[in-house]
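Peer 1: Mind looking over this structure? Questions follow.
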Amino acid sequence: MSVASNTVVDHKPTSDKPMMSMSQIFLMSFGFLGIQFGFALQNGNTSRILRSFGADVDQLPMFWIVAPLVGMIVQPIIGHYSDKTWNRLGRRKPYFLTGAILSSLALMILPNSGNFANVLPALWIGAGMVMVMDASFNVAMEPFRALVADNLPNKQSATGFSIQTFLIGLGAVAGSALPEFLANQGFSMEAGADGVASNIKYSFYIGAAVFMISILITIFFTKEYAPSDYEKYHGKAEQKTGGLSEIITDFKNMPRTMRQLGLVQFFSWFALFSMWVFTTDAVATHVYKLSGDYSKTIEYNDAGNKVSSAFGIYNFIAMFYALLLPFLSKIFNRRLTHAFSLVAGGVGLISIYFIKDASMLKFSMVGVGLAWASILAMPYVILSSSIPAGKLGIYMGIFNFFITLPQIINGFVGGWIVKHLYNGQPIYAIVLAGIFMICAAISVIYVYDPGEKK
């Protein structure tokens, strides 16, 4: 892999990027289906896997925290070097292929952590695999976003990110529904000797296969611009000393729009982290009325299956709502479209407090689906108008700070709040998540969008 040691100062491009067909955009983005298939399995099942290994509810955020912490460090580095890489495989492809291999291995090892208990406690191995998994997911994800920005002309950026979100939704629907589907096919929901039920294990094995296959489809069917063409469409590069100092300089000089979107992302991802970590236990205690040591009961696994399936609903809604986002952003504007979607998500999360039957979760998830689709697309559409072309990778990596930082903060304080302020009732963490989602909606109204038509 050849990586230049110098940085880039952009000159104006000499030609517009050619338009891409819908099939080209679809194949270019297909890897997102596998990435989100894995994310859905992680988000819907990690907490109950760690609980089966002995973690307490208030400890869950601390076990999740390592993953975004690693992502915060890894992403800017991956973005920086993917801007400067070119080899036979391409510019971005080497990175998301590496991420796919590591992610697939972690998906297979996590539910089997109990089998290594004679070496290290299962909880430690499980937490380590969550760290590897999330870091690897992000290594695969961010170069994908940069690839789309590399190849698509500005006129197609909203369409490209919407197709991404559609595929993300499709993968997440399948990944979220898989544990309950396998349980209905006869796979056991009862925890085995190593603490994890068969329907969960085989879901993760299937997820690993889907992850790799979808990434390979993008690699085989998508071309990246060679350096000469890249310069023609993005601007000629002028060399100057770089490395770590360049990353720090770019961070200091981030565009105004990115700084403002940081607050929006903080509220959004703080809320999402709470939802992923606490929803299963919130439903188990608030709806199923479980108490005491319930983490290995069939009722708890049933609650987990219901939550995982409900997460599939929000991803299903997001899959189709994503296709409407380009039209809504033209009718209104990109900021108001995102604000409306976030309010819907906030209302959906708060409504979980009022449900009495776990089957009602699907209605709460409709609003969450609107927010999720918009969170995955609109901030990047707004951001893409403000980033210098030669800095796409590094700034996409830096933008990941505003995704990982709120998760890290939540990881440190979320469990303590649930234990000491909410008296061990995680449902109130879900209500706070809904309030934060509405705060994000208010914040985005004040973001400067340079690509918005006045």
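Coordinate-derived values only; no laboratory data. This is a predicted model, so every value here is computed, not measured. With ideal geometry, Cβ positions are generated from the backbone for all residues, glycine too; neighbour counts draw on all protein chains shown.
Peer 1: Of Lys252/Lys330; Lys84/Lys232; Lys232/Lys252; Lys232/Lys330; Lys155/Lys223, which pairs sit farther than 24 Å apart, going by alpha carbon to alpha carbon?
Peer 2: Lys252/Lys330; Lys232/Lys252; Lys232/Lys330, as the Cα separations exceed 24 Å there.
Peer 1: If I model region 333-431 as equal point scatterers sitting on the Cα atoms and use the Debye formula, what is log10 I(q)/I(0) at q = 0.11, 0.17 Å⁻¹?
Peer 2: For region 333-431 at q = 0.11, 0.17 Å⁻¹, log10 I(q)/I(0) is -0.48, -0.94.
Peer 1: Still on this structure, please answer the following. Please work out the Cα center distance from region 308-381 to region 47-77, rounded to the nearest Å.
Peer 2: Measuring centre to centre over Cα atoms gives 25 Å.
Peer 1: If we count other beta carbons within 10 Å of each Cβ, what is the order of Ser385, Ser309, fewest first?
Peer 2: Ser385, Ser309
Peer 1: Here's a follow-up. Would you report the distance distribution of C-alpha pairs in the chain as whole percents per 20 angstrom bin, up to the bin with the largest distance?
Peer 2: With a bin width of 20 Å, the distribution comes to 26, 58, 15, 0.
Peer 1: Near Ala191, within a Cβ-to-Cβ distance under 12 Å, what is the net charge of the other residues, with Lys and Arg +1 and Asp and Glu -1?
Peer 2: +2
Peer 1: So what's the back-of-envelope 222 nm ellipticity for the chain, counting only DSSP H runs of four-plus at -39500 (n - 2.57) apiece and dividing by all residues, rounded to 500?
Peer 2: That comes out to -24000 deg cm²/dmol.
Peer 1: Same structure again: Using a Förster distance of 25 angstrom, determine the FRET efficiency expected from the C-beta separation of Lys155 and Ser228, and round it to 0.05.
Peer 2: Efficiency, from the Cβ-Cβ distance: 0.60.
Peer 1: May I ask for log10 I(q)/I(0) of region 13-105 at q = 0.12, 0.21 Å⁻¹, from a Debye sum over the Cα atoms as equal point scatterers with solvent left out?
Peer 2: Log10 of I(q)/I(0), two decimals: -0.59, -1.24.
Peer 1: At 0.36 nm per residue, and after removing the present C-alpha to C-alpha distance, how many nm does the segment from Leu89 to Ile213 gain when stretched out fully?
Peer 2: Stretched fully, the Leu89-Ile213 segment lengthens by 43.0 nm.
Peer 1: Fewest first, what order do Ser364, Ser103 take by the number of other Cβ atoms within 10 Å?
Peer 2: Fewest-to-most ranking of Ser364, Ser103: Ser364, Ser103.
Peer 1: Right, another one. Compute the Kirkwood hydrodynamic radius of region 258-411, taking the inverse of the mean of 1/r over all pairs of distinct Cα atoms, and give it in Å to one decimal.
Peer 2: Final number for the Kirkwood radius of region 258-411 is 16.7 Å.
Peer 1: If you don't mind, another one. Roughly how many nanometres apart are two label points built 7 Å out from the Cα toward the Cβ at Asp357 and Lys330?
Peer 2: A separation of 4.2 nm, rounded to one decimal place.
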